[in-house]
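Comments concern the structure below.
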Amino acid sequence: MAGTPLPSPPGEQPLKPNRPEYTVSELSAALKRSIEQGFSYVRVRGELSGFKRHSSGHCYFALKDAEAVLDGVAWRGTALRLQLKPEDGMEVVCTGRLTTYPGRSKYQIVIETMELAGVGALLKLLEERRKRLAAEGLFAEERKRKLPFLPDVIGVVTSPTGAVIRDILHRLSDRFPRRVLLWPVAVQGEGAAAQVAAAIEGFNRLAPGGAVPRPDLLIVARGGGSLEDLMAFNEEIVVRAAAASTIPLISAIGHETDTTLTDYASDRRASTPSAAAEMAVPVRLDLLADLDGKAVRLSGSLSRLLAERRARIEGLARGLPDPASLLDTARQRLDDRVERLVVGFRALLGLRRHRLDTAGERLSGAALTMLLERARARLDDMAPRLRHAAARFLAHERHRLDALGGRLETYGQTLRDTLARGFAIIRDAAGTVVDSVRALAPGDALTIELHDGKLAATVDGGGRRAAPRPKKAAPDQGSLL
């Protein structure tokens, strides 16, 4: 049998095999060198299983397919540089080298890079993450805030060297210049997600009225790129920071066809960074034009209102009675009452004097003298009271006369304006205003008052009843009726 030593002749030493003997360590080292030299750089595709991160920072897992399992390890420095967060069940492509672990007689792959196995797997991962975050309510419409109409300060989270910030500043300058605060971050690669989340949280921690103004609006922006380039904005840390922002946030990541999970958590999504700037502020020229239009409408409305009020006042003025007629009537009434007061006062004094004389004739001697003295005393007492009452009455009537005179002066101005428009006032010989032809008779003298003077006229026709319409007067005819 192969490998079995031949029996030695009697009295001789047994023969030793000529194959070398290895210790376990020597054999393990030889296998390690052979595997590491033959598989120094490999790409392996498989499904992650049993992934765990040690307290030292190293990551341990297994790659498996339908028929085999391969152990894997990612040292601490490599684990920090991974572009994705490994999870069990994720199909990945790992790049690294094969080696052995002599302590357990196992071989394993030492990872250098790890990426998802194709776009389909990445989209599946994003869809599962979207559903999980949506179930927590991070994408609910009631959480979204209304954007301010005209923010004073706009915070922008993007790369300071890319074209995105220049596009945003240029668009804001064209529409309505605003103050912009830039928080520079990396928009892809290692640590990009953490920087973006820290920028959003940093803007929200700014105190209102502090040395650095707190933005009224945030714009998280990035230019276009592949799905892998935009992965930083699909990370859970960024999505949660956008959803927790108390400042209204616009997401402007990639092109119009690109969609990230941050777009779902933001208050508004813009197709491009320039579109985000258009959402942020209105057009200043449009606002000025709208303001001018409203000013014109307001001026026109005020003009129409004043014209309507003026026409109403003029209409009410035309409905007032003739002020001259009112004043004439009041003056005549005052004169009549003054005359009646004087006549009555004299009659009263005469009556009292007559009664006194009559009583004096019936009395004689001391009684007559006493009665006369009493009557004289009463008369002397009543005389000042009567004079005072008469003075008060005359003062009251004079005050009324002055008030009517003021009204007459006011009505006189309005009357002159009315006569200037072609009207005339006709009075009879007694000075009474004539308002009907039935009040006239042939031969009555009339006075016609125009705005620039008065004319005398005589009634040639007419009378107590309406007369036929007169024919046109000859040029030398003096009558106006």
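Throughout, read-outs are computed from the coordinates displayed, never taken from laboratory work. Model, not experiment: these values are computed from the prediction. Here the Cβ is made from the backbone with ideal geometry for all residues, glycine too, and neighbour counts use every protein chain on show.
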Counted neighbours (other Cβ, 10 Å), sorted fewest up, put 437, 164 in the order 437, 164
Taking 248-256, 31-39 and ranking on average Cβ neighbours within 10 Å, highest first, one gets 248-256, 31-39
When 51, 393 are arranged by how many other beta-carbons sit within 10 Å of their Cβ, fewest first, they go 393, 51
The number of Lys pairs in the chain whose alpha carbons lie under 21 Å apart, excluding pairs fewer than 8 residues apart on one chain, is 10
Note on the stretch 24-117: contact order normalised by length, alpha-carbon pairs under 8 Å, 6 or more apart, percent, works out to 31
Of the candidates 105, 215, 232, the farthest towards the positive dipole end of the stretch 95-245 (Lys/Arg Cβ +1, Asp/Glu Cβ -1, centred on the Cα centre) is 215
Percent antiparallel among DSSP beta bridges confined to the chain, nearest 5, equals 65
Final fewest-first order of 59, 94 on the 10 Å Cβ neighbour count is 59, 94
A student applying the Cα gyration tensor rule (rounded when a/c is under 1.5; otherwise prolate if a/b is larger than b/c, oblate if not) would label the stretch 151-217 oblate
Once Lys and Arg are counted +1 and Asp and Glu -1 for all other residues with Cβ under 12 Å from that of residue 316, the total becomes +3
Inter-part gap, Cα centre of the stretch 21-55 to Cα centre of the stretch 231-297, in whole angstrom, is 51
Here the relative contact order (percent) of the chain, from C-alpha pairs under 8 Å and at least 6 apart, is 8
Among (1) 1.63; (2) 0.94; (3) 1.03, the value of Rg/Rh (Cα atoms, Kirkwood Rh) computed for this structure carries the label (1)
In deg cm²/dmol, rounded to the nearest 500, the helical mean residue ellipticity at 222 nm of the chain, built from -39500 (n - 2.57) for every DSSP H run of length 4 or more, is -15500 deg cm²/dmol
Toy charge model, Lys and Arg Cβ at +1, Asp and Glu Cβ at -1: the chain dipole around Cα centroid in debye, rounded to 20, equals 2880
